[in-house]
Amino acid sequence: MKRQKKHTGSRGTKNETTVLLTPKNVAWLITRARGLAEPLCEAEGFELVHVEFQPEAGGRILRFYIDKPDGVTLDECAYVSRQISDLLDVSLEGIGSYNLEISSPGPERPLGKESDYERFKGKAIRLKTYHPINGQKNFKGVLSGISEGIVEISMDDRTVVIPFGEIHRARLVNHGEKGCLYQT
C-alpha cells in the first residue's frame with residue numbers, strides 16, 4: 001500500500017529551469033531528500049528505510065520507504081507524505097515534475113544501509129552491482145553479513161564477497177513482512 005502525490009518540484013511555477021538529471025544529480029537529489037526526510041521520520045517514530053528517484057511509466061517517482069516495528073498503516077503513509085511534501089516543496093526547487101510516493105518496504109524490503117546487511121543476516125537477498133564481479137552483476141543467495149564494508153553472500157556452493165560501495169541495488173526475497181497495514 002502506498003500514498004502518491006504529484007509534484008512540480010518548483011512549487012508549480014511556469015517557465016521553470018529544470019536540472020538535468022544525470023546519475024550524479026540523481027545521487028545528490030536522493031541524498032538531499034533523505035537528509036530532509038530522515039529527521040522528520042525519526043521524530044515521528046518511523047525508520048526511513050530507503051529513498052529512490054527513478055523514471056517509471058507514469059513519470060518520475062521520488063519514493064520513500066518507511067517502517068516501524070509493528071508495520072505502518074495507510075494513514076501513517078499519508079501523514080508522512082503530507083509532512084515530507086511540505087519540506088520538498090520549499091527545498092527541492094528546479095528538479096521538474098515528479099510523483100511523490102510514501103510506501104512500506106513490503107516483503108521485498110530494500111537494503112540500503114550497512115546496518116541492514118547485519119540486521120538481515122541469514123535472509124535470502126537479490127543484489128545488483130555497478131560493475132561485474134567475477135563476470136556477473138546480479139546475485140541471489142543468503143546474506144552472510146557484512147564486515148569492514150564487505151558484504152558476503154552464500155550462493156549454492158560458494159561465497160561471494162562484494163564491497164558495499166559496489167552495490168547498486170539490493171532487496172530481501174520473500175522476507176514475509178506485510179506492507180502498509182489496513183485501518184479497520
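The values are calculated or read from the model by the stated rules, or taken from the named source; none is laboratory data. Quick caveat, the model's predicted, so the values are computed rather than measured. Note that we place each Cβ from the backbone using ideal geometry, even for glycine, and neighbour counts take in every protein chain shown.
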> So which residues in the range 161-184 are at pLDDT 95 or above and over 21 Å from the mean Cα position of the chain (by Cα), if there are any at all?
Replying inline: V161
>> On the basis of being on the phi > 0 side of the Ramachandran plot and either touching a residue at least 12 places away in the same chain (Cβ under 8 Å) or not acidic (D, E) (or both), does G71 make the cut?
In response: yes
>> It is to be established whether one or more residues within the range 23-41 are more than 20 Å from D116 (Cβ to Cβ) and part of a strand (DSSP E or B).
In response: no
>> Please go through (1) closer than 28 Å to G145 by Cα; (2) surrounded by fewer than 17 Cβ atoms within 10 Å (Cβ to Cβ); (3) at pLDDT below 90 for K121 and return the number of the only condition it doesn't satisfy.
In response: (3)
>> Go through the range 42-81 and report how many residues are in a helix (DSSP H, G or I) and in contact with a Cys (Cβ under 6 Å, 6 or more places away or on another chain).
In response: 2
> Taking the stated definitions as given, is S81 among the hydroxyl-bearing types (S, T, Y), assigned by TED's automatic domain parsing to the domain that holds L48 and touching a Leu at 6+ places or on another chain (Cβ under 8 Å)?
Replying inline: yes
>> Show me the strands (runs of 3 or more DSSP E) found entirely inside the range 82-180 where at least 1 residues are touching a residue at least 60 places away in the same chain (Cβ under 8 Å) and within 24 Å of N25 (Cα to Cα).
In response: 98-103, 167-172
> Does E148 satisfy the criteria of being of a type outside the set (A, V, I, L, M, F, W, C) and either under 15 Å from the mean Cα position of the chain (by Cα) or surrounded by 14 or more Cβ atoms within 10 Å (Cβ to Cβ) (or both)?
Replying inline: no
> Is there a residue being at pLDDT below 95, within 22 Å of P39 (Cα to Cα) and of a type outside the set (F, W, Y) anywhere in the range 124-146?
Replying inline: no
